[in-house]
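Structure record follows, encoded as structure tokens.
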2 protein chains.
Amino acid sequence: MARATTASAQAWTDAAYARFQSGGLRAVRVEVVGRDLGATKGSFYWHFGNRQDLVAAVMRRWEAEQTDAVIRAADAGGDARGRLSALFAAVAASAPHRGGEARLYVEASEEGVGDAVLRVSRRRIDDLSELLVQVGFDESEAARRATIALAAVIGLQQLAVAEDSSPGEFGGAALTATALAMTVSRDEPTSRLA
Amino acid sequence: MARATTASAQAWTDAAYARFQSGGLRAVRVEVVGRDLGATKGSFYWHFGNRQDLVAAVMRRWEAEQTDAVIRAADAGGDARGRLSALFAAVAASAPHRGGEARLYVEASEEGVGDAVLRVSRRRIDDLSELLVQVGFDESEAARRATIALAAVIGLQQLAVAEDSSPGEFGGAALTATALAMTVSRDEPTSRLA
DNA sequence: CATGTTCCGTACGCTACCGTATGGCTCACA
DNA sequence: TGTGAGCCATACGGTAGCGTACGGAACATG
């Protein structure tokens, strides 16, 4: 049986995923992951064809986890507004654990896995969009607002990474609340001030 | 006169900046920039101490240009609302030319130039924040909204990069208009739907 | 014309990667 | 017990970077 999913292949993927989470795809180096594992390239190239296969495995796992997370977020009971605030809170809470994802948008195209990133992004937009429709926005406005909201989350990640893991000027709960408010609020009819 | 700013040093910085604009700091490689220039490392290491010096020069230039851009944007006449929409439109229009900046947030910490990125980010937030105050928000709310708005712009850049320079699902004018609306709109008093 | 300074090309060493070749260990099983 | 398959370590070749050593060209200037 050639190159089945043996325990070792799984171990390689696990270790690679750990590297990815902290340093992005760029940190998924076969010799480095091998050292984490106490193994050498001899093992790696028996289980995988090349580094791209490992990166692809990492991305499959990432996509699956993100999909699961979305499903769990949608499972949270309550009305649409409650689900919205729960979703924003969950995103804010999980921000520190997504250092790898911050690097993903740029790396995706270079590593040839841009499609997975786009699928996950569109899925996130679609799910958020659906909630916004339930709150009263029409489809296209909801889609636009969902896109902007996702972009805001991604941008905050970027700023946090640039800050280099300091306390977190860009990670507070107040920002999350503001982002939610901006996402669900409509223009007020009478504009104050010119 | 040791290592003055000769024409060649300027040429190295120019060529490095061009590389940065298209491929980020990661694309600023001594030998590659040298090839662009028809020169070799012998020249480089006469004018610069090491690669970090070149990266620092690129960042100085980037920071100066961004500051200039902010000043020009503020110069645009009109009331606060007009300046806001002009600002959003200008940002959207310049998006295609900022492929290097998209990579900057992640690279900044790795290359040790995170401070420049943070200065520019804070400056952008401050300027936008001031406009939002003029439109009627209190200081802290304006600051939060400005942060989210900047994050949204950054996030759209990230999504566009992940898309790998395809037509541009994340670059339309409709999104820009929505982002502006979300930034300046307050909660409507009566919430429709539960 | 001699000499020193400025500037730069070439050659080298070093590290970190990827991928390949090859030999050898271990275990199932005939 | 012998043998083949599965698994892996070691060693090697190759590329892309950074930084250094060194020699030499060009030019000014005494």
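The values are calculated or read from the model by the stated rules, or taken from the named source; none is laboratory data. The shown structure was predicted, so the numbers you read here are calculated from the model rather than taken from an experiment. Virtual Cβ from ideal backbone geometry, glycine too; neighbours counted across all protein chains shown.
Check B:S8, B:S22 and return the single one that is modelled with pLDDT under 95, part of a helix (DSSP H, G or I) and in contact with a His (Cβ under 9 Å, 6 or more places away or on another chain).
B:S8
Give the residues of segment A:41-57 that are more than 18 Å from A:F20 (Cα to Cα) and crowded, with 19+ Cβ neighbours inside 10 Å, sorted by residue number.
The one that is more than 18 Å from A:F20 (Cα to Cα) and crowded, with 19+ Cβ neighbours inside 10 Å: A:H47.
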Does A:E65 qualify as being away from DNA strand C (no atom under 15 Å from the Cβ), free of Cβ contacts under 8 Å to residues at least 12 places away in the same chain and either out of contact with any helix residue (DSSP H, G or I) (no Cβ under 9 Å at 6 or more places or on another chain) or assigned to a helix (DSSP H, G or I) (or both)? yes
Could you tell me whether A:G82 is within 10 Å of DNA strand C (Cβ to nearest atom) and surrounded by 12 or more Cβ atoms within 10 Å (Cβ to Cβ)? no
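Collect the residues in segment A:108-144 that are among the hydrophobic types (A, V, I, L, M, F, W, C), out of contact with any helix residue (DSSP H, G or I) (no Cβ under 6 Å at 6 or more places or on another chain) and in a helix (DSSP H, G or I), keeping them in residue-number order.
Filtering segment A:108-144 down to residues among the hydrophobic types (A, V, I, L, M, F, W, C) leaves A:108, A:113, A:116-118, A:120, A:125, A:128, A:131-133, A:135, A:137, A:142-143.
With the extra rule that they be out of contact with any helix residue (DSSP H, G or I) (no Cβ under 6 Å at 6 or more places or on another chain), the set shrinks to A:118, A:137.
A:L118 - this is the single residue of segment A:108-144 that is among the hydrophobic types (A, V, I, L, M, F, W, C), out of contact with any helix residue (DSSP H, G or I) (no Cβ under 6 Å at 6 or more places or on another chain) and in a helix (DSSP H, G or I).
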Given the criteria crowded, with 23+ Cβ neighbours inside 10 Å and charged (D, E, K, R), does A:R145 qualify? yes
Kindly provide the set of residues from segment B:41-60 that are hydroxyl-bearing (S, T, Y) and more than 8 Å from DNA strand D (Cβ to nearest atom), ordered by number. B:S43
For segment B:69-77, check the following and say yes or no: at least one residue is more than 29 Å from B:G112 (Cα to Cα) and either within 15 Å of DNA strand C (Cβ to nearest atom) or within 14 Å of chain A (Cβ to nearest Cβ) (or both). yes
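Return the residues of segment B:80-107 that are free of Cβ contacts under 8 Å to residues at least 40 places away in the same chain and either within 12 Å of chain A (Cβ to nearest Cβ) or not in a helix (DSSP H, G or I) (or both); say none if nothing qualifies. Let's see the steps before the verdict.
Of segment B:80-107, the ones free of Cβ contacts under 8 Å to residues at least 40 places away in the same chain are B:82, B:86, B:90, B:93-94, B:106.
Residues satisfying the conditions are B:G82, B:V106.
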